[in-house]
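The values are calculated or read from the model by the stated rules, or taken from the named source; none is laboratory data. Keep in mind the model is a prediction, meaning the values are calculated, not measured. In this analysis, Cβ positions are derived from the backbone assuming ideal geometry, glycine residues included, and neighbour counts consider all displayed protein chains.
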Amino acid sequence: MEATIEWVVQEHEDRVTALFEYLDLRSDGLTDIAGAWQSGEKVMACRQLLVHFAQSPNVKRWGRETVEAGEDTTAAAEAILRDEYTFQNVTGSPERKADGSLNWTYCGPNDDAEWAYFLNRHGHIRQLLGAYRKTGNARYIDRADSDIREWVTVNPYGWERTGDPRWRGLETMSRINVWTHLFYGYLEDAHIQDGTRILLLSSIPEHAHYTQHYHNPGGNWLAMQMRSLSLAGLAFPEFRDSEAWVAYSYHALLPQMERQIYPDGAQKELASHYHGATLYAFQAFADLYETAGQRLSDSWYEGLEQMWSYWAYSIRPNGHGVLNNDSNLDFNRPKLLRVYEAYDRPDWAYIVTNGGKGLAPQALPSRIFPWAGQLISRSGWDADAHWSVFDVGPWGIGHQHQDKLHLSVSAFGQDFLVDAGRLYYKRDVWRDWIRGTRAHNTLIIDGCEQNGDAKEVDAPLDEGTYVIGKAFDFARSSFTAGYVDLEGEAVHHRAVMYVRGLAWIVVDRVRSDRERDIDALWHWHPEVDVTVDDGDAVGTHGSGAVSVIPVGGWDGTVDTVKGQEPPNIQGWYSREYNQKAPATCAIYSRKVTDEAIVWLIVPSNEKAATEATLEDDGDTVTLRATISSQEIESVIPTQDGQPVLTLN
């Protein structure tokens, strides 16, 4: 349809009136426009307003796009034209209402509210604009124009907090970002019609009002919302409340670097994926102010550097981040390569390229994050290096899983022992499983899973509980928050020693008021073939293998489960949202009183361990073993004392 200024004044006079009430018509740049409006020349006032924006210096700041016409197509954009939208790996088609508009509250074919959230974030508008820039096909920008106009006219603002997907916090802030780029980027493109531009402008103050008054009090949401509120104020200073939006967001967000980020650089949700969401928002906040000719305090940039450094020093050799709590297996290598020069950190480049760029870090390759409670162990910086993450920290302030003392292991460029991922957020038995202890590499006690733990800490790990040394890394901790529906009391103690370049030694001990049945779980990546022989679980992938060996043999049962649903869910892996694949879980079951259970985890292309003997005095385990022809003696305390490693 033709959405002229005359059309919008006639058909949506209420929105036009609201727009001019939001504007600061007393400002110097809008005096002529104010005169036309006050004289009742509404069409003229709207036209002059768009001319004003076209001449604004913000056009250069927020981007002008010039697109050469063409007729090529892209599959993704063509699907959107057919009302087929794909969000988080799920494709759905919202039905059209009697007036021809989309059902913007449609939750997708899986009835998952997340699908409706993504629809209303208008990421598909970004897709359409990207396809338009690439192909010049006007049908794509015409659809963007139509969807923006439709959204504004059929989804009125209610001036109250809501969980409705059309006006929820993340969706509202996301549209500010998308619409600002569309408005300034295509001011000279006739395919974004003047009537659409007026409607878009009329809705910006409503979006800013919701973001200012109904934002989250903390977490990654607040970071993203305040960045968008600043954008609304800086990009649209013509609105009478723009300075208030900027001031509010500035003062609301600046303390969050300290409140949300631990001194070791980890965001307190302790999910690598949401660390990234917060980091992007914090970085975009700084970039936004620099674009507007301003600079934040030095402490803000120091905090950003710490956050990027956390990602760099926790990254896997293959370039993916930690998979923990509600995270995807995010590929962080290119993100770090885009920023290392700006922060003058050639060590980040060296780490993420396996030595292909930059300068080697001066420190050992392993790293303890004492506030996050994460031990990252490595054999080196090469692509085939050993890598692990051992969780000895708090639960996290959001997106938590019941996964204390979990251990993930990679080697030869491949993940072997894994966290099961996040799957999705719709509450059902799948979601309960993937958040629970049964989806992680730790212990189940008498069939019971971990309770929720402390969400955050006010002090780092005791330095006596971890070691980063030339020959080995070590950390230990205990799960003391209890187990759901467990009778009596039980505490799981776990200590992990990584003998650099050789193997991991894991010591589990359950202190309890009675004998317990335990299930020790080891989850394998779906691409790994797993066999169990005399209690040893061996996972192979390509030319590499990792063995999980219970020292002294296993006097209980060992079962492997892969892709199981009834009688209960087990043996699955979710690389990213809405994806899952069958994956082997080795379940070691036996009764325990107070004795230690010791595991050797050995990456090797030959027989992993030729011999091993064990001594347990009730507090400390002494292991003597020959691993791949290397003789070792390790002394591992599970509660007090310092570890010792002797290589012979």
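Of note:
- Restricting the first member to the range 7-32 and to residues that are farther than 15 Å from R149 by Cβ and touching a residue at least 24 places away in the same chain (Cβ under 8 Å), and the second to residues that are of a type in the set (A, V, I, L, M, F, W, C) and part of a helix (DSSP H, G or I), the beta-carbon pairs closer than 6 Å and six or more apart or on different chains are F20/W37.
- One residue from Y577, Y588 being surrounded by 18 or more Cβ atoms within 10 Å (Cβ to Cβ), part of a loop (DSSP other than H, G, I, E, B), touching a residue at least 40 places away in the same chain (Cβ under 8 Å) and under 35 Å from the mean Cα position of the chain (by Cα): Y577
- When the range 487-525 is filtered for residues that are assigned to a strand (DSSP E or B) and either hydroxyl-bearing (S, T, Y) or farther than 25 Å from S410 by Cα (or both), the ones remaining, listed by number, are A490, V491, Y498, V510, R511, S512, R516, D517, I518.
- Residues satisfying the stated conditions in the range 59-79, i.e. more than 27 Å from S228 (Cβ to Cβ) and in a loop (DSSP other than H, G, I, E, B): E68, A69, G70, E71, D72, T73, T74
- Selection count where residues are within 20 Å of I468 (Cβ to Cβ), outside any loop (DSSP other than H, G, I, E, B) and either acidic (D, E) or within 12 Å of the chain's Cα centre (by Cα) (or both), scope the range 311-362: 2
- Members of the range 348-405 that are touching a residue at least 60 places away in the same chain (Cβ under 8 Å) and among the charged types (D, E, K, R): R367, R378, D382, D384, D391, D403, K404
- Among the candidates L423, L405, residue that is farther than 18 Å from Y274 by Cβ and either assigned to a loop (DSSP other than H, G, I, E, B) or at pLDDT 95 or above (or both): L405
- Selected residue [assigned by TED's automatic domain parsing to the domain that holds F416, more than 21 Å from G218 (Cβ to Cβ) and either at pLDDT below 95 or crowded, with 17+ Cβ neighbours inside 10 Å (or both)] from I368, I351, I315: I368
- Close pairs (7 angstrom Cβ cut-off, 6 or more residues apart or separate chains): assigned by TED's automatic domain parsing to the domain that holds K591 and in a helix (DSSP H, G or I) in the range 431-451, aliphatic (A, V, I, L, M) and surrounded by fewer than 24 Cβ atoms within 10 Å (Cβ to Cβ) anywhere: R431/L423; W433/I569; I434/L423; T437/I444; R438/I444; R438/L521
- Taken over the range 154-181, residues that are assigned to a helix (DSSP H, G or I), surrounded by 19 or more Cβ atoms within 10 Å (Cβ to Cβ) and touching a residue at least 60 places away in the same chain (Cβ under 8 Å) amount to 1.
- Summed over the range 236-260, residues that are out of contact with any Leu (no Cβ under 9 Å at 6 or more places or on another chain) and either of a type in the set (A, V, I, L, M, F, W, C) or within 25 Å of L49 (Cβ to Cβ) (or both) total 5.
- Of all residues in the range 560-574, exactly one satisfies the criterion of being under 16 Å from D432 (Cβ atoms), within 23 Å of the chain's Cα centre (by Cα) and assigned to a strand (DSSP E or B), namely W572.
- Residue pairs whose Cβ atoms lie under 7 Å apart, separated by 6 or more positions or on different chains, with the first residue in the range 467-492 and at positive phi and the second not charged (D, E, K, R), are G482/N451; D485/C448; G488/S512.
- Residue match in the range 82-95 (condition: among the β-branched types (V, I, T) and assigned to a helix (DSSP H, G or I)): no
- Top-ranked residue in the range 55-82 [being over 13 Å from L128 (Cβ atoms) and surrounded by 13 or more Cβ atoms within 10 Å (Cβ to Cβ); ranked as farthest from the chain's Cα centre (by Cα)]: S56
- Check on T74, under 21 Å from D145 (Cβ atoms), of a type in the set (V, I, T) and touching a Ser or Thr at 6+ places or on another chain (Cβ under 8 Å): yes
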